[in-house]
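I have placed the structure first, in the form of structure tokens, so that the comments after it can refer back to it.
The values are calculated or read from the model by the stated rules, or taken from the named source; none is laboratory data. Just so you know, these numbers come straight off a predicted model, no measurement behind them. Using ideal geometry, Cβ is built from the backbone for each residue, glycine included, and neighbour counts are taken over all protein chains shown.
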Amino acid sequence: MAKRPPPGKCVHCLKETDRLNWDHVFPYAWYPDSTPKDIYKWQIPSCIPCNNEYGVLEKDLMIRFGLCLEPDDEACKGIVEKALRSIDPDQAKNEKDRKARLGKRRQIIRQTMEGDAIPDEAIYPNFESRYAIPDSERVAVTISKKSVDRLAEKIVRGILYLENGVFVDESYEINIFTLTDSGAASIVETVRRFGEEHSKGPGIVVLRAIVPDDNISSVFVITIWGRFKTYLVVLNKDM
């Protein structure tokens, strides 16, 4: 087992602490089964409260997104099964775990939307129905925008720490955008032309183009499972 990081600053909350542990930039459970075994899974120093808080958020998002993916897609291989296991009481290790899985299952069911109650304008890009299902038979799983934005920001904070040794404090501004593929086409083209790709297997790909003036301000295009995409711009306020 890897040793804990030495005392220092948490990448997330920026507080100094004597007790840090390792947190995965991309949630460990989010890597699909198709991920090559030799790929290094980025890790950053995190305080225990932040690590635990993000762990709960990431598990919830994995379940909700996972229920909407294609089981046979190589980019998300095993994620659907993992999401289903997470809300299956029969897969529980003990009674406490059984109650937790059952509670999450009931929560997901309560928060689903059906038929005409689903607002088309609120469907996350690339998660539209891919089948010829009558509108009255559609079912949608709700996703917290706040949780999605927090995860995206966490990923960018982690990358900037690993790539540039930077703790993202109040001197930086992170802007997060949710765009359709067509709406993001020019951004993706520019980042591909001038930026660099970090691939963590077929399921996780990051494109980053850096503003040369300070080597920190950047445009990020993050694609997970080939479907979940988010776009971020990090700006140094002092530039």
Based on this model, can you work out whether Val156 counts as touching a residue at least 60 places away in the same chain (Cβ under 8 Å), in a helix (DSSP H, G or I) and touching a helix residue (DSSP H, G or I) at 6+ places or on another chain (Cβ under 9 Å)?
no
Ala100 within 30 Å of Leu20 (Cα to Cα), without any contact (Cβ under 8 Å) to a residue 12 or more places away in the chain and touching a helix residue (DSSP H, G or I) at 6+ places or on another chain (Cβ under 6 Å):
no
Test: Val56 is closer than 25 Å to Ile108 by Cβ and crowded, with 20+ Cβ neighbours inside 10 Å
no
Yes/no for Arg208 being in contact with a strand residue (DSSP E or B) (Cβ under 6 Å, 6 or more places away or on another chain), within 27 Å of Ser34 (Cα to Cα), modelled with pLDDT of 95 or more and basic (Lys, Arg):
yes
Picking from Val191, Val205, Val219, the residue that is under 15 Å from the mean Cα position of the chain (by Cα) and either surrounded by 13 or more Cβ atoms within 10 Å (Cβ to Cβ) or outside any loop (DSSP other than H, G, I, E, B) (or both) would be Val205
Any idea how many residues of the range 155-170 are acidic (Asp, Glu) and within 20 Å of the chain's Cα centre (by Cα)?
1
Taking the criterion of being surrounded by 16 or more Cβ atoms within 10 Å (Cβ to Cβ), in a strand (DSSP E or B), modelled with pLDDT of 95 or more and not charged (D, E, K, R), would at least one residue in the range 165-175 satisfy it?
yes
With respect to Thr180, is the statement that it is over 26 Å from Leu57 (Cα atoms), surrounded by fewer than 18 Cβ atoms within 10 Å (Cβ to Cβ) and among the β-branched types (Val, Ile, Thr) true?
no
Scanning the range 23-40 for residues that are touching a strand residue (DSSP E or B) at 6+ places or on another chain (Cβ under 9 Å) and crowded, with 16+ Cβ neighbours inside 10 Å, the one farthest from Leu162 (Cα to Cα) turns out to be Pro32
Restricting attention to the range 66-116, and to residues there that are assigned to a helix (DSSP H, G or I) and in contact with a Gly (Cβ under 7 Å, 6 or more places away or on another chain), which single residue is surrounded by the fewest Cβ atoms within 10 Å (Cβ to Cβ)?
Lys82
Could you please give the count of residues in the range 40-59 that are out of contact with any Phe, Trp or Tyr (no Cβ under 8 Å at 6 or more places or on another chain) and within 19 Å of Gly226 (Cα to Cα)?
1
Candidate set: the range 117-146, residues that are surrounded by 12 or more Cβ atoms within 10 Å (Cβ to Cβ) and small (Gly, Ala, Ser); chosen: the one nearest to Thr178 (Cα to Cα):
Ser144
